[in-house]
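Each remark here refers to the structure printed beneath this line.
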Amino acid sequence: MSESLRKRLLDIYGRLYSRYGPQYWWPGDGAFEVIIGAILTQAASWDNVDKALANLKAKWLLEPVALRAVDQDELANVIRTSIYFNAKAQKVKAFVQHLGEHYNDDLRALLGKDTHNLRQELLSIYGIGNETADDIVLYAAHKPIFVIDAYTRRILGRLSINPTRDTYDSYQAIFMENLSHDVSLFNEYHALLDRHGSETCRKVKPTCAECCLLDLCPTGARNVMSV
């Protein structure tokens, strides 16, 4: 653990929390809905995912048995708003098939596994990669793991907090090795980074002058100076 990096990460968290307040993540009515939402949100905005989830609920499809029974093309049409709906229909089908075959739809048995084994099993299911697996581990199973996404990579890069290698695991290690493994902290921190990345530290035309991290950010300082 680097004490200086730990303090810096906590300073960033404190500023983001003061700026945006609690985010109340993950939106969803129960662990199963969280998992389906985590699959659907790949490369999609939450507004579009929320519409897809509402469509599933309206057709009584948001449960494992119904999702296994529904035709894949029909499922794709129901979740059309989530983008890449054909691929995501296949991914949702793969998850509920795994849940039925290995756990008889007992989601608590799956999520009750220890963090490492749960994550490895999720990664073995078609269509679930690092970010989606960690979303499920953190927000559905309530186990301490830090989720890395494009917003987090962008913000860390602009703050000149760089991992040893440009990999998911290396970015994750920045948080896992320097912060207490606290579910509430990881939950809120990830949500705040996403909020900051979508509203302020945008990919194009970030609003650096309004940023609560400006005095910590070399990129922001350069952007403000160039205006």
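Of all residues in the range 59-71, those being of a type outside the set (D, E, K, R) and surrounded by 13 or more Cβ atoms within 10 Å (Cβ to Cβ) number 6.
Considered as a group, the residues in the range 200-218 that are assigned to a helix (DSSP H, G or I) and in contact (Cβ under 8 Å) with a residue 24 or more places away in the chain include one that is farthest from residue 11 (Cα to Cα), and that residue is 218. Comparison of 38, 76 shows that the only residue that is farther than 19 Å from residue 191 by Cα, in a helix (DSSP H, G or I) and in the same structural domain as residue 96 (by TED's automatic domain parsing) is 76.
Of all the residues in the range 7-32, those that are under 30 Å from residue 55 (Cβ atoms) and either of a type in the set (Ser, Thr, Tyr) or touching a Leu at 6+ places or on another chain (Cβ under 7 Å) (or both) number 5. Can you say whether residue 71 is farther than 21 Å from residue 146 by Cβ and within 20 Å of the chain's Cα centre (by Cα), as far as the supplied structure shows? No: the conditions fail for residue 71. Screening 149, 105, 166 for residues that are of a type in the set (Asp, Glu) and free of Cβ contacts under 8 Å to residues at least 24 places away in the same chain leaves exactly one candidate, 166.
Residues in the range 125-141 that are β-branched (Val, Ile, Thr), surrounded by 21 or more Cβ atoms within 10 Å (Cβ to Cβ) and touching a residue at least 24 places away in the same chain (Cβ under 8 Å): 3 in all. Scanning the range 179-206 for residues that are surrounded by fewer than 19 Cβ atoms within 10 Å (Cβ to Cβ) and over 14 Å from residue 20 (Cβ atoms) turns up 180, 181, 182, 183, 184, 185, 202, 203, 204, 205.
Looking at this structure, is residue 103 of a type in the set (Phe, Trp, Tyr), more than 20 Å from the chain's Cα centre (by Cα) and surrounded by fewer than 18 Cβ atoms within 10 Å (Cβ to Cβ)? For residue 103, the condition - of a type in the set (Phe, Trp, Tyr), more than 20 Å from the chain's Cα centre (by Cα) and surrounded by fewer than 18 Cβ atoms within 10 Å (Cβ to Cβ) - is met. The set of residues from the range 124-146 being in contact with a Ser or Thr (Cβ under 9 Å, 6 or more places away or on another chain) and either over 18 Å from residue 190 (Cα atoms) or of a type in the set (Val, Ile, Thr) (or both) comprises 132, 137, 145. If you check 9, 16, 56 for being in the same structural domain as residue 92 (by TED's automatic domain parsing), modelled with pLDDT of 95 or more and crowded, with 17+ Cβ neighbours inside 10 Å, only one passes: 56. Checked against (1) over 28 Å from residue 183 (Cβ atoms); (2) in a loop (DSSP other than H, G, I, E, B), residue 55 passes all but condition (2).
The values are calculated or read from the model by the stated rules, or taken from the named source; none is laboratory data. None of the values given here were measured: they were computed from a predicted structure. Ideal geometry is used to build each Cβ from the backbone, glycine not excepted, and the neighbour counts take in all protein chains shown.
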